[in-house]
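Scroll down for the structure; my scribbles are underneath it.
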Amino acid sequence: MCCICDAARFSVDAMNYAELKINDIANGYGVRVSLFVSGCTHRCPGCFNEIAWDFDYGAPFDEAVQERILRALAPGYVNGLTLLGGEPFEPVNQRALVEFVRQVKQTLPEKNIWCYTGYVLEKDLLAEGGRARCEVTDALLEGIDVLVDGPFVQAQYDISLLFRGSANQRLIDMNATRKNGAVTLWQPPAV
């Protein structure tokens with residue numbers, strides 16, 4: 001076990017993951033480690049990852065996988081972790097991810113975390129009675145730096161959009177949103 005993983009002991013609720021991409025540059029800013037979780041109830045027509053709708057697809061998101069992710073995140077050239085799916089904000093997946101996200105933040109605080117969700121922040125995640133809101137939603141949101149929200153809408157598909165598939169989806173800077181008390185969109189760093 002590596003030194004990063006020595007401190008990492010996880011309690012994991014049952015969740016499968018569909019894929020793990022190391023050195024991914026398509027799902028967020030910079031070089032990333034991308035975890036595609038299994039399970040999604042949105043069933044968006046035209047979804048690029050329909051196979052991950054099934055909660056039983058893939059392999060268990062166990063301690064060994066989490067340690068592998070932490071090791072992959074460690075190099076300085078890796079900007080951070082991206083969670084996508086499937087649907088990370090399905091309540092069962094939130095419960096499996098929340099402690100891991102906390103561990104990533106504690107172990108590697110210089111790394112940022114992006115998360116893609118088909119849910120809408122204000123309506124489904126923050127509102128009491130929201131479709132995906134559960135006892136760990138606030139804690140999971142606290143660990144996310146950029147939230148790409150909104151369902152994929154085939155009629156609004158646009159290949160020229162930065163880090164999103166359809167025009168209705170937003171790239172929300174969660175740190176600025178928390179600070180400002182209002183949704184603030186993420187802007188790419190000036191080059």
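The values are calculated or read from the model by the stated rules, or taken from the named source; none is laboratory data. Just so it is clear, the model here is predicted, and its values are computed rather than measured. Note that we place each Cβ from the backbone using ideal geometry, even for glycine, and neighbour counts take in every protein chain shown.
Quick check on this structure: which one of G39, G80 is buried (at least 16 other Cβ atoms within 10 Å of the Cβ), more than 25 Å from W186 (Cβ to Cβ) and within 16 Å of the chain's Cα centre (by Cα)?
G39
If you check every pair at least six apart or on different chains, which have Cβ atoms under 6 Å apart with a residue in the stretch 169-181 that is more than 16 Å from E142 (Cβ to Cβ) and modelled with pLDDT of 95 or more first and a residue that is surrounded by 14 or more Cβ atoms within 10 Å (Cβ to Cβ) and charged (D, E, K, R) second?
R170/D149
Of the residues F10, F55, which single one is modelled with pLDDT under 95, surrounded by fewer than 24 Cβ atoms within 10 Å (Cβ to Cβ), aromatic (F, W, Y) and not in a strand (DSSP E or B)?
Working: F55 fails: modelled with pLDDT under 95.
Result: F10 is the single residue among F10, F55 that is modelled with pLDDT under 95, surrounded by fewer than 24 Cβ atoms within 10 Å (Cβ to Cβ), aromatic (F, W, Y) and not in a strand (DSSP E or B).
Please work out if N168 is under 26 Å from L108 (Cβ atoms) and out of contact with any Lys or Arg (no Cβ under 7 Å at 6 or more places or on another chain).
Here the answer is no, as N168 does not meet what is asked.
Find the residue count for the stretch 101-159, including only residues that are within 22 Å of L185 (Cα to Cα), free of Cβ contacts under 8 Å to residues at least 60 places away in the same chain and among the acidic types (D, E).
Selection size over the stretch 101-159: 6.
Tell me which residues, restricted to the stretch 182-191, are more than 19 Å from the chain's Cα centre (by Cα) and in contact (Cβ under 8 Å) with a residue 60 or more places away in the chain.
Result: P189, single match.
Is it the case, given these coordinates, that N93 is buried (at least 20 other Cβ atoms within 10 Å of the Cβ) and either under 25 Å from I51 (Cβ atoms) or of a type in the set (K, R) (or both)?
Details: buried (at least 20 other Cβ atoms within 10 Å of the Cβ): yes; either under 25 Å from I51 (Cβ atoms) or of a type in the set (K, R) (or both): yes.
Considered against the rule, which asks whether it is buried (at least 20 other Cβ atoms within 10 Å of the Cβ) and either under 25 Å from I51 (Cβ atoms) or of a type in the set (K, R) (or both), N93 comes out as yes.
Out of (1) touching a Phe, Trp or Tyr at 6+ places or on another chain (Cβ under 9 Å); (2) crowded, with 20+ Cβ neighbours inside 10 Å; (3) under 22 Å from N93 (Cβ atoms); (4) not charged (D, E, K, R), the odd one out for W186 is which?
Evaluating W186 over (1) touching a Phe, Trp or Tyr at 6+ places or on another chain (Cβ under 9 Å); (2) crowded, with 20+ Cβ neighbours inside 10 Å; (3) under 22 Å from N93 (Cβ atoms); (4) not charged (D, E, K, R) leaves (3) as the failure.
Could you list, in sequence order, all residues of the stretch 138-177 that are touching a Gly at 6+ places or on another chain (Cβ under 8 Å) and part of a helix (DSSP H, G or I)?
Answer for the stretch 138-177, where residues must be touching a Gly at 6+ places or on another chain (Cβ under 8 Å) and part of a helix (DSSP H, G or I): just Q154.
Give the residues of the stretch 16-36 that are of a type in the set (G, A, S) and crowded, with 20+ Cβ neighbours inside 10 Å, sorted by residue number.
Correct list: A18, G28, S34.
Quick check, is F152 in contact with a strand residue (DSSP E or B) (Cβ under 8 Å, 6 or more places away or on another chain), under 17 Å from F48 (Cβ atoms) and buried (at least 20 other Cβ atoms within 10 Å of the Cβ)?
Criteria met by F152.
In the list E87, E110, E122, which residue meets the criterion of being surrounded by fewer than 22 Cβ atoms within 10 Å (Cβ to Cβ), assigned to a loop (DSSP other than H, G, I, E, B) and on the phi < 0 side of the Ramachandran plot?
E110
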